[in-house]
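**Q** Pasting in a structure now, in structure tokens, and then I'll have a few things to ask.
The values are calculated or read from the model by the stated rules, or taken from the named source; none is laboratory data. Predicted model only: the values in this text are computed from it and were never measured. Here Cβ is always computed from backbone atoms with ideal geometry, including for glycine, and neighbour counts include all displayed protein chains. In case anyone asks, the SASA skips ligands and DNA or RNA and just uses the protein heavy atoms, side chains included. Shrake-Rupley method; radii C 1.70, N 1.55, O 1.52, S 1.80 Å.
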Amino acid sequence: MWTDIKGIIFDYGGTIDTNGHHWVEVLWRQYVKFRIPVDRESFREAYMFGERSLAKYPYVRPDDDFRRVLAYKTKLQVEYLASKGKLPMDEDFLQRYADQVTDGSYNYVSDVLSVTRPVVEELSRRYTLALVSNFYGNIQTILEDFNLDRFFTAVVESSVVGIRKPNPAIYRLGVEALGGDPARVLVIGDSFSKDMVPAKALGCKTVWLKGEGWGNEPVDEALPDMIIANLATLPDYL
């Protein structure tokens, strides 16, 4: 479809690791699977509390792998739910719930990567790849954890560069790492507002991996250059 593309920027969370499924949905499915007795809205509040806490406080260290990050997330969530009276204030119960969600989510991502890793690997043989991600300071460890690090020539992480999506400046850093010409860079991400909008503002070509989003987000499906539902189909268009 595009003959002038020289480099590709991937998002990570929600794109490579879950193939278009927002993490709030991935985690909620584990809560349902293990019959953790909370309602969906209370869980979403706990999810947001956990994400804000991880962004604000230095829970995550650069050498923390993916399972450890999940452990931080789930522990923050169940402790928040207990503090609001949604779960019993019992450390053993809370730890069991956190462990179940952590293990289930880790296994889910491992299965998804059996589909998405080959896509990244194939495209790395045809294009120069960069990663642009809102993350906690340990994305390099995560990439190594899942044998993805060798595919990317540049990694731009929000907590390292001090810029977060949807600020187009973080994508500008990715474009610069790929030669500086946004018209020859393709951006692939799952978030309309955090990936598609800033990338198009810079003049990049875009592919929206449209799956399960956060919900209630206004979108304009005419904005992305292409919309796909599964990352595995992407190489067929390039």
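**Q** Name the residues in segment 1-53 that are hydrophobic (A, V, I, L, M, F, W, C) and out of contact with any Leu (no Cβ under 8 Å at 6 or more places or on another chain), would you?
**A** W23, V24, V26, L27, W28, V32, F34, M48 - these are the residues of segment 1-53 that are hydrophobic (A, V, I, L, M, F, W, C) and out of contact with any Leu (no Cβ under 8 Å at 6 or more places or on another chain).
**Q** Could I ask something else about it? If you take the residues of segment 118-139 that are part of a loop (DSSP other than H, G, I, E, B) and touching a residue at least 40 places away in the same chain (Cβ under 8 Å), which of them is surrounded by the most Cβ atoms within 10 Å (Cβ to Cβ)?
**A** Y136
**Q** Here's something else I'd like to know. Taking P62 as the residue in question, decide whether it is touching a Ser or Thr at 6+ places or on another chain (Cβ under 7 Å) and not in a helix (DSSP H, G or I).
**A** Judged against the criteria, P62 is a match.
**Q** Of these, S110, S124, S114, which one is more than 18 Å from the chain's Cα centre (by Cα) and not hydrophobic (A, V, I, L, M, F, W, C)?
**A** Working: S110 fails: more than 18 Å from the chain's Cα centre (by Cα); S114 fails: more than 18 Å from the chain's Cα centre (by Cα).
So the residue among S110, S124, S114 that is more than 18 Å from the chain's Cα centre (by Cα) and not hydrophobic (A, V, I, L, M, F, W, C) is S124.
**Q** Now for a different question. Residue by residue through segment 30-59, note down the ones that are open to solvent by 20 Å² or more (accessible area, probe 1.4 Å), in contact (Cβ under 8 Å) with a residue 60 or more places away in the chain and either small (G, A, S) or closer than 30 Å to T233 by Cβ (or both).
**A** Hits for segment 30-59 are K33, A55.
**Q** State all residues of segment 177-213 that are among the hydrophobic types (A, V, I, L, M, F, W, C) and under 19 Å from K6 (Cβ atoms); if no residue qualifies, say none.
**A** A177, L178, A183, V185, L186, V187, I188, A199, L202, C204, V207 - these are the residues of segment 177-213 that are among the hydrophobic types (A, V, I, L, M, F, W, C) and under 19 Å from K6 (Cβ atoms).
**Q** Listed residues V115, V185; which is in contact with a helix residue (DSSP H, G or I) (Cβ under 7 Å, 6 or more places away or on another chain), surrounded by fewer than 17 Cβ atoms within 10 Å (Cβ to Cβ) and of a type in the set (A, V, I, L, M)?
**A** V115
**Q** Hey, another quick one. If a residue must be under 19 Å from I139 (Cβ atoms), assigned to a loop (DSSP other than H, G, I, E, B) and of a type outside the set (G, A, S), how many such residues does segment 1-52 contain?
**A** 8
**Q** Given the residues A199, A222, which is the only one that is over 19 Å from V24 (Cα atoms), out of contact with any Cys (no Cβ under 6 Å at 6 or more places or on another chain), aliphatic (A, V, I, L, M) and surrounded by fewer than 17 Cβ atoms within 10 Å (Cβ to Cβ)?
**A** That would be A222, the only listed residue that is over 19 Å from V24 (Cα atoms), out of contact with any Cys (no Cβ under 6 Å at 6 or more places or on another chain), aliphatic (A, V, I, L, M) and surrounded by fewer than 17 Cβ atoms within 10 Å (Cβ to Cβ).
Here's the yes/no breakdown for (1) open to solvent by 30 Å² or more (accessible area, probe 1.4 Å); (2) under 14 Å from G14 (Cα atoms); (3) at pLDDT below 95; (4) not hydroxyl-bearing (S, T, Y):
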position: V156; (1), (2), (3), (4): no, no, no, yes
position: A177; (1), (2), (3), (4): yes, no, no, yes
position: G189; (1), (2), (3), (4): no, yes, no, yes
position: N216; (1), (2), (3), (4): yes, no, yes, yes
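**Q** Restricting the first residue to segment 141-160 and requiring it to be touching a residue at least 24 places away in the same chain (Cβ under 8 Å), which pairs with a second residue that is among the aromatic types (F, W, Y) meet a Cβ separation below 6 Å and a spacing of at least six or different chains?
**A** Within 6 Å, the pairs are I142/F66; D145/F66; E157/F135; S159/Y136.
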